[in-house]
Amino acid sequence: MTQLFTTKFLLIFIIVLINIHHIDCAAKKCHQCITVGCDDPFNSKAFGVSPATSTNGWCFKSKRIENGKTTITRLGSFPCASKGCTTTTGTGFKTIACCCDKDFCNNAIRSKSTVFSVLIIFIFALGFIQYFY
């Protein structure tokens, strides 16, 4: 019984690791809009919003406030150096630029980690195996 459980545990663990690698290495899908439909709070079904495939794995969102007017842009394949946001201020303007590397992560709400979702599935699979075997 222990040998069988250990073998199944290792098999599930390897499958989960392969799936995590596959998910993180695949082309990312991003929201794309320039001004029209890009408002915060964000509605991915709004006019002017379309899905875009990122060829370099990055999604991008910028919010520029200049003279009281806000302009928001969301793109895929933006040349980012790292995840996170940077703020630039100058005379009469403020720009917040954010880069992320998960599917549709350039919305207004932070996306949950894929690794967390896979971990939950893994825990349920282990419980299933223990219960039925």
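The values are calculated or read from the model by the stated rules, or taken from the named source; none is laboratory data. These numbers come from a predicted model, not from an experiment. Heads up, the Cβs are rebuilt from the backbone with ideal geometry, glycines too, and the neighbour counts pull from every protein chain shown. Surface areas here come from the heavy atoms of the whole protein model, side chains and all, with no ligands, DNA or RNA. Shrake-Rupley method; radii C 1.70, N 1.55, O 1.52, S 1.80 Å.
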Filter result (open to solvent by 50 Å² or more (accessible area, probe 1.4 Å) and either under 21 Å from Asn43 (Cα atoms) or assigned to a strand (DSSP E or B) (or both)) within the stretch 79-95: Cys85, Thr86, Thr87, Thr88, Thr89, Phe93, Lys94
Can you name the number of the only condition in (1) of a type in the set (Ser, Thr, Tyr); (2) open to solvent by 80 Å² or more (accessible area, probe 1.4 Å); (3) at pLDDT 95 or above that Thr73 fails? (2)
Please verify whether Thr35 is of a type in the set (Val, Ile, Thr), farther than 13 Å from Ala108 by Cβ and open to solvent by less than 50 Å² (accessible area, probe 1.4 Å), treating the condition exactly as stated. no
Flagged in the stretch 54-86 as touching a residue at least 40 places away in the same chain (Cβ under 8 Å) and closer than 12 Å to Ile34 by Cα, in numbering order, are Phe60, Lys61, Thr73, Arg74, Leu75, Gly76
Among the residues in the stretch 47-68, are any open to solvent by 70 Å² or more (accessible area, probe 1.4 Å), modelled with pLDDT of 55 or more, of a type in the set (Gly, Ala, Ser) and not in a strand (DSSP E or B)? yes
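Any residue that is touching a Pro at 6+ places or on another chain (Cβ under 7 Å) and modelled with pLDDT of 95 or more - is there at least one of those in the stretch 7-29?
Residues of the stretch 7-29 that are touching a Pro at 6+ places or on another chain (Cβ under 7 Å), as a first pass: 29.
Pick out the ones that are also modelled with pLDDT of 95 or more and you get 29.
So far as the stretch 7-29 goes, yes, one or more of its residues are touching a Pro at 6+ places or on another chain (Cβ under 7 Å) and modelled with pLDDT of 95 or more.
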